[in-house]
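Trainee: So that we are looking at the same thing, I have put the structure below in structure tokens.
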Amino acid sequence: MERKEMAELIRMMKRQGVAEFTYETGEDGSKLKVRFEGATPSGYMQVPVAAQAAPVAAAPAAAAKPAAADGRVIKAPIVGTFYRSSSPDAQAYVNVGDSVRKGQVVCIVEAMKLMNQIESDVDGVVTEILIENGQPVQFGQDLFRLAAR
Amino acid sequence: MERKEMAELIRMMKRQGVAEFTYETGEDGSKLKVRFEGATPSGYMQVPVAAQAAPVAAAPAAAAKPAAADGRVIKAPIVGTFYRSSSPDAQAYVNVGDSVRKGQVVCIVEAMKLMNQIESDVDGVVTEILIENGQPVQFGQDLFRLAAR
Amino acid sequence: MFRKILIANRGEIAMRVIRACRELGIRTVAVYSEADRQATHVRFADESVCIGPAQARQSYLSLPAVISAADITRVDAVHPGYGFLAENATFAEAVNAHGMTFIGPSPEHLRQFGDKLSAKAAARAAGLPLLAGSHGAVEVLEEAVEVARASGYPLMLKAAAGGGGKGMRVVEDEDTLRKVFAITSAEAKAAFGSGEVFLERFLRAPRHIEVQFAGDRYGAAVHIGERDCSMQRRHQKIIEEAPAPNLDEGLRDRIRAAAARLVASTGYVTVGTCEFLVQGDEFFFLEVNPRIQVEHPVTEMVTGIDLVQLQIRLAAGERMPFTQSEVKLDGHSIEVRVNAEDPWKFTPSPGRIVGYHAPGGPGVRVDSAVHEGAFVQPYYDSLVAKLIVHAPDREAAIRKLLGAMDEYVVEGIRTSLPLQKLLLSDPAFRDVKFHTRYIDEWLKNRPG
Amino acid sequence: MFRKILIANRGEIAMRVIRACRELGIRTVAVYSEADRQATHVRFADESVCIGPAQARQSYLSLPAVISAADITRVDAVHPGYGFLAENATFAEAVNAHGMTFIGPSPEHLRQFGDKLSAKAAARAAGLPLLAGSHGAVEVLEEAVEVARASGYPLMLKAAAGGGGKGMRVVEDEDTLRKVFAITSAEAKAAFGSGEVFLERFLRAPRHIEVQFAGDRYGAAVHIGERDCSMQRRHQKIIEEAPAPNLDEGLRDRIRAAAARLVASTGYVTVGTCEFLVQGDEFFFLEVNPRIQVEHPVTEMVTGIDLVQLQIRLAAGERMPFTQSEVKLDGHSIEVRVNAEDPWKFTPSPGRIVGYHAPGGPGVRVDSAVHEGAFVQPYYDSLVAKLIVHAPDREAAIRKLLGAMDEYVVEGIRTSLPLQKLLLSDPAFRDVKFHTRYIDEWLKNRPG
């Protein structure tokens, strides 16, 4: 990544109200990690599009209604690539049979090369993982099926 | 009317199986009356398009069904100009209040300058004449409303 | 110019004439059968008259009904469209006899070109090449055998009064000729009322190329380019294009000039088409269509000339508005006929259209009389719409047409589009390796 | 050439791009909001991705959503259409940063022409005439008064960051200027984030004439004729035509040449439009639209050039496929925008289309993304279709358009068509006696 591109990317993120982000490109193996002043420090990556995902967060719950018959569903709040773990060699956030609490990170959706941690908006037990690791997901697509505990 | 036109008209009528016809034109005041060999002589004008009107004759009865609620209707079996009498100074074939029998001539519809006598296909008493003398009528248009005797 | 025109037709061609009239400032009268009360052409004409029941014989084909409708609406001209009464000389005469103008050639020209033998005589007189053969009725078998010996086999034995591919039989040798001669004549008599037959050279893989032409009352006679309509299923054109692709330029010029010569020598007025068969570097007069044709839009797209407006102007006695050298062709145009029929079995598929999306965008033209909710009647022609594209070249036109066909959604009835999509992608079509029997052979050899 | 393109838009322009791509052999990816799941552009693209909820801010305007959709579908270029992200330099940069091509000018050109003052600076550098005025931000009142004295009244006081008719105020004399200067600046700051204002000469009855242009990476810079878009309601174009009627030929040439000069001097690549105000024999640079415009079809109809295909080719690095002298205009074209709105109150009219019949026939083009049963969303632009006609001359084009509008049936929602029908029949339109404020004045004086 060129210096100019990098600078522009940072300016854009700043404008978007991003607190922290990580950028890796396979092209030249470069990796960029930035945290903006005033952002809450944390031991793990932030959800950089939180500001955009936030108003959408309510959607899965509402949209899940039709699927309510056979359990709750966690939907993708953004479009991107689905990952079950924070990195290729890390453990999956959740597996079938795991209990999940509202607010718990269940997967990553990579969008614009940013790793967005997706939090569950319901409590329950994971009964099915509806998509393969590394596959593209659309906005509103079903990711996990859950049953009430 | 020119000789050539006249000849062609006659040839055409022959081909159409016309028995007898009267042709008048306001243009030059000419009048043409022809009866073909083998045609039934009669004291009044034939219905020249009888061959065409015949298969249609059943239609008014069928089409009249929707109007059946408020009586029977005689519809125009051909498109043309509606006349209540055989000539401007003749009496009207029927008036409101008259009894009409199936097969009785109720009006003329002039088509292709031929005077087509229209016969009623029902019995009844004329309750309403739905169109003014000399006005154009379309195929299937309501002409007379009748009540059962 | 006319003040008001009655359109003695229905469907897309009635809409086409309405559009032309509107642009010429002429009022329109639609006629319709009882089945067509809700039809599109009725909705968009200025006036309309119901002329009879659904059966065409008693409505659109009824001479008294149509003439009476014209009488009561006081029009000053009648446009017959194509089909129905368009080539009926008696109808044209009746229109004229009632003081109105028939928008088409004279009754004499309709008769001249309505009969295969007199049409051929006119073509021969104008110096157009004809297929070798009897050039007239053959009365007896021995005369036929003699003609055949002079022309060579294979030959086509044809009913003089036939048409549309009916009343024709290929004869490969003298034995066969001796066997079928009497039968063919008897069949012709039964089917067309005349037992007259004639013989002509049979071409195994000809292309159908037709030239659009026009003439005025003052002797102008021009051609307006040619169309290739070789893509036929059982003699029914289903894909048409202009100009004819891969045609030797010298041959193209000779074919065009031949058509213009025929117009000039016969004094034909209004628009028409001269059809030819082309094989190798030879071309042969086939017939004249003395009316507007279904496939006229492809010519309009490449020339920018509105043929229906031109037809009306010429019928009204105007002079030809352009000279031969002003007719310029630009780009390539292809039309597919959207027929309401099973694309493989070719059985008609009338019914209600429950889903409809017509393609659009640049270079895409749709001539139709349908819409969502429209009912495709079982009584009439199965042609419900024509999809026409125009692009800078033939390859681009094929791509545009394939895209537009993908966008063309017609639900509730079956259409011919799936067949045409396959044909447009067929290498023989793309490489112009087709002829008038190509589709029939292709269908026969199709797996499944 | 690109293999696959993502179309970051919806509606008729998404369909337009799909059609262009199909003809270029490029696969397409549609993006859509949850509300647009059933939309036409989704049905006809090769692939599609849901990118967010109905609100445009979270879907079509969401930079991360669109870029991610492009990433997961592995496209090699993004077409932004018009509106949404089309002029967003940051978006263009992000597209480029992700290794894809933004189908439009460079981010630098988007910035240069996105800002009124830098756009004017570029125009001045290319020798284009500008309206007299401050030619840059005026900081304080006294400076404004001085500029005004030099330019003369009436003047327009404008927010530098404004647009689409917003942030503008006409100033008739110095007293008024003194009264409104501070307010306008404060309003501009509140509305657009920047309080910068500038002054320029105010034209009472100008025509809006814009020149379509194109540039390639190798220095080619051509104009593709002009359009007249003076028929505006509150600065929104509703009828557009090409070429501009009743324009002095010398003036026409100067305006066209000016636009081409601007392209050459800025090194602009792909297609764009240079907008001018024209009054009497003077013309003045207004702004550049660095994208494809809603009204591009009228130029396509008279030149035969597919502007969207051209845009894609130039973005892919191809050379300009024609020279300036090869750009030829033929006939006249007019477009009306079919907006889903009350034709008199201009309130949006979203909802389900329950009856639909689009016009057809020769010279009629419909660019739309609707059909019977389609739902016109309340979330987005009210433009549902564009009706474009092409005819040999302006009179014929008006007649054709009026006829086509009569055929255009849209039931279930209200459309702007009744207003446009009246305007097309208005003598001022027919006689080209209109200007950019004509419709607003006409509406004000309309009885009832």
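Readers should treat all values here as calculations from the given coordinates under stated rules, not as data from a laboratory. In this text, all values refer to a predicted model and were calculated from it rather than measured experimentally. Please note: Cβ atoms are built from the backbone with ideal geometry, for glycine as well, and neighbour counts cover all protein chains shown.
Trainee: If I take every Cα pair under 8 Å that is 6 or more residues apart in the range C:303-448, average their sequence separation and divide by the length, what percent do I get for the relative contact order? Mind showing how you got there, number by number?
Mentor: Values: 204 pairs, mean separation 40.9, N = 146.
So the answer I get is 28 percent.
Trainee: If I take R0 = 22 Å and measure r between the Cβ atoms of residue D:47 and residue D:352 in this structure, what FRET efficiency does the formula 1/(1 + (r/R0)^6) give, to the nearest 0.05?
Mentor: Numbers: r = 27 Å, r/R0 = 1.22.
Working from the Cβ atoms, E equals 0.25.
Trainee: OK, next. Need one value for C:380-390: mean number of C-beta atoms belonging to other chains within 10 Å of its residues' C-beta atoms. Before the final figure, lay out each step's value.
Mentor: Numbers: counts 0, 0, 0, 0, 0, 1, 1, 1, 3, 1, 1.
The per-residue average across the peptide is 1.
Trainee: Hey, what do the phi angles of the range A:83-90 turn into as Karplus ³J(HN,Hα) couplings, whole Hz, using 6.51/-1.76/1.60 and θ = phi - 60°, x for Gly and Pro?
Mentor: Result, rounded to whole Hz: 10, 7, 9, 6, 7, x, 9, 7.
Trainee: Continuing with this model, one more query. Which distances in nm, rounded to one decimal and ordered from shortest, link the label point of residue D:411 to the equivalent label points in the other identical copies, with labels set 7 Å from Cα toward Cβ?
Mentor: Sorted ascending, the copy-to-copy spacings read 1.9 nm.
Trainee: Still on this model: Normalised by the residues of the range C:338-411, what does the relative contact order come to in percent, with Cα pairs under 8 Å and at least six apart?
Mentor: Numbers: 114 pairs, mean separation 28.7, N = 74.
The value is 39 percent.
Trainee: Which of rounded, prolate, oblate describes the range C:269-341, given a ≥ b ≥ c as roots of the alpha-carbon gyration tensor eigenvalues and a/c under 1.5 marking rounded, otherwise prolate only if a/b is larger than b/c? Walk me through the numbers on the way to the answer.
Mentor: On the way: a/c = 1.44, a/b = 1.26, b/c = 1.14.
It is rounded, given that a/c, with a ≥ b ≥ c, falls under 1.5.
Trainee: Please list the three semi-axes, largest first and in whole Å, of the ellipsoid equivalent to the range D:25-156, using sqrt of 5 times the eigenvalues of its alpha carbon gyration tensor. Mind showing how you got there, number by number?
Mentor: Details: eigenvalues 337, 54, 32 Å².
The answer is 41, 16, 13 Å, longest axis first.
Trainee: GNM on chain D, C-alpha springs below 10 Å: top fluctuator among D:255, D:26, D:388?
Mentor: D:26
Trainee: How far is the Cα center of the range D:404-448 from the Cα center of the range D:173-241, in Å?
Mentor: Each part reduced to its Cα centre gives a spacing of 23 Å.
Trainee: A further question on this structure: If each of residue C:186 and residue A:128 carries a label point 7 Å out from its Cα toward its Cβ, how far apart are those two points in nm?
Mentor: 7.3
Trainee: What order, most packed first, do the peptides D:236-248, C:142-154 have when packing is the mean number of other Cβ atoms within 10 Å of each residue?
Mentor: Details: D:236-248: 20.8, C:142-154: 15.8.
Put in order of decreasing packing, that is D:236-248, C:142-154.
Trainee: Can you list the distances in nanometres, one decimal and ascending, from the residue D:54 label point to the identical position in each other copy, with the point 7 Å along Cα to Cβ?
Mentor: So the distances to the same position in the other copies read 4.3 nm.
Trainee: Where the convex hull is taken over the Cα atoms of the protein assembly as shown, what is its projected area averaged over directions, in nm²?
Mentor: Details: hull surface 236.9 nm².
The directionally averaged projection comes out at 59.2 nm².
Trainee: Using Cβ contacts closer than 10 Å as the measure, can you line up C:338, D:376 from fewest to most?
Mentor: Listed from fewest to most nearby Cβ atoms, that is D:376, C:338.
Trainee: Right, next: Label residue C:153 and residue B:96 with points 7 Å out from Cα along Cα→Cβ: what is the distance between them in nm?
Mentor: With each label point 7 Å from Cα toward Cβ, the separation is 8.1 nm.
Trainee: Next question. Which three extents, in whole angstrom, do the alpha-carbon atoms of chain D cover along their principal axes, largest first?
Mentor: Result, largest extent first: 60, 52, 45 Å.
Trainee: What is the Cα radius of gyration of the range C:241-385 over 2.2 N^0.38 Å, N being its residue count?
Mentor: On the way: Rg = 18.2 Å, N = 145, 2.2 N^0.38 = 14.6 Å.
My calculation over the Cα atoms of the range C:241-385 gives 1.25.
Trainee: At what distance in nm do the modelled label points of residue D:218 and residue D:323 sit from each other, each positioned 7 Å from its Cα along Cα→Cβ?
Mentor: Roughly 1.4 nm, to one decimal.
Trainee: I need the calculated FRET efficiency for the pair residue C:38 and residue D:402, taking r as the beta carbon distance and R₀ as 30 Å, to the nearest 0.05.
Mentor: Numbers: r = 24 Å, r/R0 = 0.81.
About 0.80, to the nearest 0.05.
Trainee: Among the listed pairs C:345/C:386; C:400/D:386; C:4/D:433; D:237/D:433; C:189/C:237, which are separated by more than 25 Å between their Cα atoms? Display every interim value, and only then the final one.
Mentor: Numbers: C:345/C:386 20 Å; C:400/D:386 20 Å; C:4/D:433 32 Å; D:237/D:433 16 Å; C:189/C:237 27 Å.
Beyond 25 Å: C:4/D:433; C:189/C:237.
Trainee: Amide H neighbours of residue C:202 under 5 Å, at least 5 residues apart or on other chains, H built in the peptide plane: list them.
Mentor: Hits under the 5 Å cutoff: C:155, C:156.
Trainee: Which chain C residue hugs the C-D rotation axis most tightly by its Cβ, and what is that distance in angstrom, to the nearest whole number?
Mentor: Looking at chain C's Cβ atoms against the axis toward D, the nearest is C:372, 2.
Trainee: OK, next. Determine ³J(HN,Hα), in whole Hz, for all residues of the range D:273-282 in sequence, where each value follows from phi through the Karplus function 6.51 cos²θ - 1.76 cosθ + 1.60 and θ = phi - 60°; x replaces Gly and Pro.
Mentor: Those phi angles translate into 9, 10, 9, 10, 9, 10, 9, x, 9, 10 Hz.
Trainee: First measure r as the distance between the Cβ atoms of residue D:170 and residue A:135, then evaluate 1/(1 + (r/R0)^6) with R0 = 60 Å and state the FRET efficiency to the nearest 0.05.
Mentor: Working: r = 58 Å, r/R0 = 0.96.
That pair, residue D:170 with residue A:135, gives E of 0.55.
Trainee: Work out the mean other chain Cβ neighbour count within 10 Å for the residues of B:111-120 and drop it here as an integer.
Mentor: Details: counts 9, 11, 6, 3, 0, 2, 0, 0, 0, 0.
For peptide B:111-120, the averaged partner shielding equals 3.
Trainee: Can you give me the convex hull volume of the Cα atoms of the range D:175-252, divided per residue and expressed in Å³? Don't skip to the end; give the middle numbers.
Mentor: Working: hull volume 14.4 nm³, N = 78.
Spread over its residues, the Cα hull of the range D:175-252 gives 185 Å³ apiece.
Trainee: Using a 10 Å cut-off around each Cβ of peptide C:301-308, what is the average number of partner chain Cβ atoms that fall inside?
Mentor: Working: counts 2, 0, 0, 7, 2, 7, 1, 2.
Per residue, the average neighbour count from other chains is 3.
Trainee: Going by C-beta contacts inside 10 Å, put C:174, D:93 in order with the fewest on the left.
Mentor: Details: C:174 14, D:93 23.
Going from sparsest to densest Cβ surroundings: C:174, D:93.
Trainee: Under 5 Å between amide H atoms, partner at least 5 residues away or on a different chain: which partners does residue A:115 have, H built in plane at 1.01 Å?
Mentor: A:22
Trainee: Can you list the trypsin sites (Lys or Arg not before Pro) in the range C:333-366 that are in a DSSP coil and have 16 or fewer other beta carbons within 10 angstrom? Walk me through the numbers before you get to the answer.
Mentor: Working: sites: C:337, C:345, C:352, C:365; in loops: C:345.
In loop regions of the range C:333-366 (DSSP not H, G, I, E or B), the sparsely surrounded trypsin sites (Lys or Arg not before Pro) are C:345.
Trainee: With an 8 Å cut-off on Cα pairs and a minimum separation of 6 or more residues, tell me the relative contact order of chain D in percent. Spell out each step's value before the answer.
Mentor: Values: 983 pairs, mean separation 63.5, N = 448.
RCO, chain D: 14 percent.
Trainee: Would you mind counting up the charge near residue C:359? Only other residues with Cβ under 10 Å from its Cβ, with Lys and Arg at +1 and Asp and Glu at -1. Before the final figure, lay out the partial values.
Mentor: Numbers: positive: C:365, C:400, D:19; negative: C:406, C:407.
Combined, the nearby Lys, Arg, Asp and Glu give +1.
Trainee: Which distances in nm, rounded to one decimal and ordered from shortest, link the label point of residue A:130 to the equivalent label points in the other identical copies, with labels set 7 Å from Cα toward Cβ?
Mentor: For residue A:130, the other copies' label points sit at 6.0 nm, shortest first.
Trainee: Name the long-range amide H neighbours of residue D:49: under 5 Å, sequence gap of 5 or more, or other chain; modelled H, no Pro or chain starts.
Mentor: D:30, D:31, D:32
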